[in-house]
Amino acid sequence: MTTNVVETEQNYLNVSYGVRSWLLTTDHKRIALLYMASITLMFFVGGFMAVLMRLELVTPPGDLVTSATYNKLFTMHGIIMVFFFLIPSIPAVLGNFLLPMMIGAKDLAFPRLNLLSWYVYIVGSVFTFWIVIAGGVDTGWTFYTPFSTSSSNTHVIPMTLGIFTVGFSSILTGLNFIVTTHKMRAPGLTWFRLPLFVWAIYATSIIQVLATPVLAISLVLLAVERAFHVGIFDPKLGGDPLLFQHFFWFYSHPAVYIMILPGMGVVSELIPHLARKKIFGYNFVCFATLGIAFFGFLVWGHHMFVAGESVYAAMTFSILSYLVAVPSAIKVFNWTATLYKGSVSFATPMLYALGFIGLFTIGGLTGLFLAALGIDVHVHDTYFVIAHFHYIMVGGMVMAYFGGIHYWWPKMTGRLYPEGWAKLAALIVFVGFNLTFFPQFILGYMGMPRRYHAYAPEFQVLNVMSSAGASILAVGYLLPLVYLLWSLRYGREAGANPWGVKGLEWQTPSPPPPENFAVTPVVTEEPYNYPSAAPGVPSTLQEAEVV
Amino acid sequence: MSEAVAALEGQFRDLEQQREAASLGMWIFLMTELLLFGALFTAYAVYRFTYPQEFAAASRDLEAGLGAINTAVLICSSLGMALAVYGAQTGGRKRLLFGLALAIVLGTAFMVIKGVEYYHHFEHAEFPGLRFDYARPHAQATQVFFFLYFAMTGVHAIHLTIGIALVCVVLFKAWRRAYSPDYHTPVELSGLYWHFVDIVWIFLFPLLYLIDIHK
Ligand SMILES: [Cu+2]
């Protein structure tokens, strides 16, 4: 392998070749790429289901698919996008790749566990594919009982087992990241010198470790109830269906933060680096991150305002939900203040970051509408809710994911992506996204319920707008797939630090060597320590003696 | 110590860092486990609050004597585990091997006694899903009680089975002299896990068996 006349530097991509070297790798960077390939596949499978739904909704009557098929489409779309794309997206791809590099480590604390968690993810995904082929599930991604345990005649049990399995992938990743952050930091890298992305991944990992087991055991109970016709949630058999909803949302509300905190982490990197400015209020962003993770555990009841929980519980959950808005708003203000008087580069990642701030703000503010008891009764189970959480998850998390992928693409692959095409795609995504989901706020407010394949004719104009937007959005998502793959072969060589930024991950060649750093770095300053005036880029790296 | 040097993995600076990482990893894993059981304990609390009398009556159908014996068996097995860890730390090979073997034997004994109890419940038609007498008074609430009983003790038994398998591996390696006072992290970590499973039972026993015992 090393017989080339020109000696090429060894990096994690060329250190070994062949399928085996990938499938048995314990290198966090390779595992990140394995995850990236798998979740990309899941993203397009889930997206395809969304396309079918939007096609159905172009006309008021249910003419393209039957209502039963439509139920399965939105269920599988939700399950795939939530459990198989959004939850692993930024943590398992960017987190895996960057966490050890950002803290100056050679790898995660448990590299084999890391590979295992990818295999566990694959087992869960294969399960899911099998279920899709076998006919799908129609319970909604929420699996509400008693429908899921006694009425639905679709493949509920295998699907719960699939999610149970993939949950362990999430738990193992979180565990690995927490230990790595605690124990593997380079000399001099104190907690308050950590990049904000690391803080975000750390807080996310805590949620993954603490919330996921509750979902896992609830799904097991659900599967047992369904399989053996015994009662734990079924009211006919003495069970309490509301208990299932409590369990489900005890995981699934914090899971919303698994799906947004890493996005906030990415944006907290993109903005100071690409504005060449110290982040405004570093400590505030840190504590806001931890605050969101903490309060996120106390608000699950806001999903059950109309499900029969007591009015006092509802009022408490409503107030607590408002509290989460405070740390979220702190972050938005800090990002904005960081941009102020910075020398802002409008490269593609920054476009995504700016899009994130705007869309996340809309999504967050409409979340306050839903946290208000009175308004929630009116808009519950309507398209208003759909629009709200897509603004957070797609407008927020997916935008941040794309921004992060573009920003770190040169580091991951050693190649530059084509900037012109990338900017065009970012613009298309932004326009397509808003055209798809903004009309849904209005539809929901007018009273169009979610989860139906037919609707009243007066809703048609807005639905056609939404479907048109979805087709634009699809183009925006397909473009990066094409030009990023293209850049692997034809992109310009990136060099170690094409953005000219600080941050440990840029102080090593691209693609990085297998052990990340030739010499363990010593950190002597806080992150984003740009001089207050100009775009000068001194190094944060001082070389230590020996390992 | 050559075994110790061989055990150092590439991503760590030294054995100390590796040991700390492994230990923290186990503690975090136990946090996950705590929340897993936490959901079951929550369900128990909810239904005991909903059906207080029925739960008390159903609890009387459990064999508190066997439960008490099992509690003693499990506590003694934890003693064995503690002995093993002490032996590993101090280089006491006999103590290490004996402690591990004791834990395995008593853990298995626990499973056997548990199996006897399960069989009795099956015979008495108190096994929801397989054989349950829905004609008995308060059948629904009793069914919920027994569902929770089997879910909680069943998940516990699965954990104990994994624990026994784990300790068997550790025993085998200890036999092959893989551990020394410098390197015995696996012994310590399986000890942590074992004690955790033990503690869960310490809570399960009174909650399930002793609800109504004072009358
Ligand atoms: Cu929520």
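Checked against (1) modelled with pLDDT of 95 or more; (2) surrounded by 19 or more Cβ atoms within 10 Å (Cβ to Cβ), residue A:149 meets all criteria but (1). Selection within region A:324-357: residues that are of a type in the set (Val, Ile, Thr) and surrounded by fewer than 15 Cβ atoms within 10 Å (Cβ to Cβ). The member of this set that is farthest from the ligand (Cβ to nearest atom) is A:336. Do we have any residue at all in region A:421-429 that's under 23 Å from residue A:46 (Cβ atoms) and surrounded by fewer than 22 Cβ atoms within 10 Å (Cβ to Cβ)? Scanning region A:421-429, I find at least one residue that is under 23 Å from residue A:46 (Cβ atoms) and surrounded by fewer than 22 Cβ atoms within 10 Å (Cβ to Cβ), so the answer is yes.
Residue A:240 fulfils the conditions (1) at pLDDT below 95; (2) buried (at least 22 other Cβ atoms within 10 Å of the Cβ) except for a single criterion, (2).
Of the residues A:273, A:246, only one is more than 30 Å from residue A:351 (Cα to Cα) and in a helix (DSSP H, G or I); which?
Values: A:273 fails: more than 30 Å from residue A:351 (Cα to Cα).
The match here is A:246.
Of the candidates A:220, A:230, A:267, the single residue that is β-branched (Val, Ile, Thr), touching a strand residue (DSSP E or B) at 6+ places or on another chain (Cβ under 8 Å) and away from the ligand (no atom under 16 Å from the Cβ) is A:230.
Residue A:260: crowded, with 24+ Cβ neighbours inside 10 Å, within 16 Å of the ligand (Cβ to nearest atom) and at pLDDT 95 or above, yes or no?
Values: crowded, with 24+ Cβ neighbours inside 10 Å: yes; within 16 Å of the ligand (Cβ to nearest atom): yes; at pLDDT 95 or above: yes.
Yes, satisfied.
Here residue A:166 fulfils each of the conditions (1) within 27 Å of residue B:14 (Cα to Cα); (2) crowded, with 23+ Cβ neighbours inside 10 Å; (3) not acidic (Asp, Glu) apart from (1). Among the residues making up region A:203-257, those that are among the aliphatic types (A, V, I, L, M), facing chain B (nearest Cβ under 7 Å) and under 27 Å from residue A:89 (Cβ atoms) are A:209, A:210, A:214, A:216, A:217.
Quick one: which helices (runs of 4 or more DSSP H) lie wholly within region A:1-116 and hold at least 2 residues that are out of contact with any Leu (no Cβ under 9 Å at 6 or more places or on another chain), farther than 30 Å from residue A:459 by Cα and touching a residue at least 12 places away in the same chain (Cβ under 8 Å)? Hits in region A:1-116: A:28-56.
Note on region B:33-69: residues that are among the acidic types (Asp, Glu), over 22 Å from residue B:158 (Cβ atoms) and away from chain A (no Cβ under 14 Å) total 1. Do we have any residue at all in region B:200-215 that's buried (at least 18 other Cβ atoms within 10 Å of the Cβ), among the acidic types (Asp, Glu) and in contact with a helix residue (DSSP H, G or I) (Cβ under 7 Å, 6 or more places away or on another chain)? No, region B:200-215 has no match at all. Of the residues making up region A:282-323, just one is within 16 Å of the ligand (Cβ to nearest atom), within 14 Å of chain B (Cβ to nearest Cβ) and not in a helix (DSSP H, G or I), namely A:309.
Among the criteria (1) within 12 Å of chain A (Cβ to nearest Cβ); (2) surrounded by fewer than 19 Cβ atoms within 10 Å (Cβ to Cβ), the one residue B:86 does not fulfil is (1). Among what's in region A:203-231 and is out of contact with any Gly (no Cβ under 9 Å at 6 or more places or on another chain) and buried (at least 23 other Cβ atoms within 10 Å of the Cβ), pick the residue that is farthest from residue B:29 (Cα to Cα). So, considering only residues that are out of contact with any Gly (no Cβ under 9 Å at 6 or more places or on another chain) and buried (at least 23 other Cβ atoms within 10 Å of the Cβ), the one farthest from residue B:29 (Cα to Cα) is A:222.
Within this structure, residue A:412 fails the test of being surrounded by 20 or more Cβ atoms within 10 Å (Cβ to Cβ) and in contact with a strand residue (DSSP E or B) (Cβ under 7 Å, 6 or more places away or on another chain). If the condition is being within 14 Å of chain B (Cβ to nearest Cβ) and either of a type in the set (Ser, Thr, Tyr) or in a helix (DSSP H, G or I) (or both), then region A:182-202 contributes A:182, A:183, A:202. In a residue-by-residue description of region B:131-151, the property of being surrounded by 15 or more Cβ atoms within 10 Å (Cβ to Cβ), in contact (Cβ under 8 Å) with a residue 40 or more places away in the chain, away from chain A (no Cβ under 13 Å) and in contact with a Pro (Cβ under 6 Å, 6 or more places away or on another chain) applies to no position. Looking only at region A:135-151, residues that are part of a helix (DSSP H, G or I) and in contact with a helix residue (DSSP H, G or I) (Cβ under 8 Å, 6 or more places away or on another chain) come to 3 in all. Output the qualifying pairs, or none if there are none: Cβ atoms under 8 angstrom, residues six or more apart or on different chains, first residue in region A:140-160 and without any contact (Cβ under 8 Å) to a residue 12 or more places away in the chain, second residue buried (at least 17 other Cβ atoms within 10 Å of the Cβ). Note: pairs meeting the criteria are A:147/A:139.
All of (1) at pLDDT 95 or above; (2) more than 19 Å from the chain's Cα centre (by Cα) hold for residue B:82 with one exception: (2).
The values are calculated or read from the model by the stated rules, or taken from the named source; none is laboratory data. Bear in mind that the values here come from a model prediction, so they are computed numbers and not experimental data. Please note: Cβ atoms are built from the backbone with ideal geometry, for glycine as well, and neighbour counts cover all protein chains shown.
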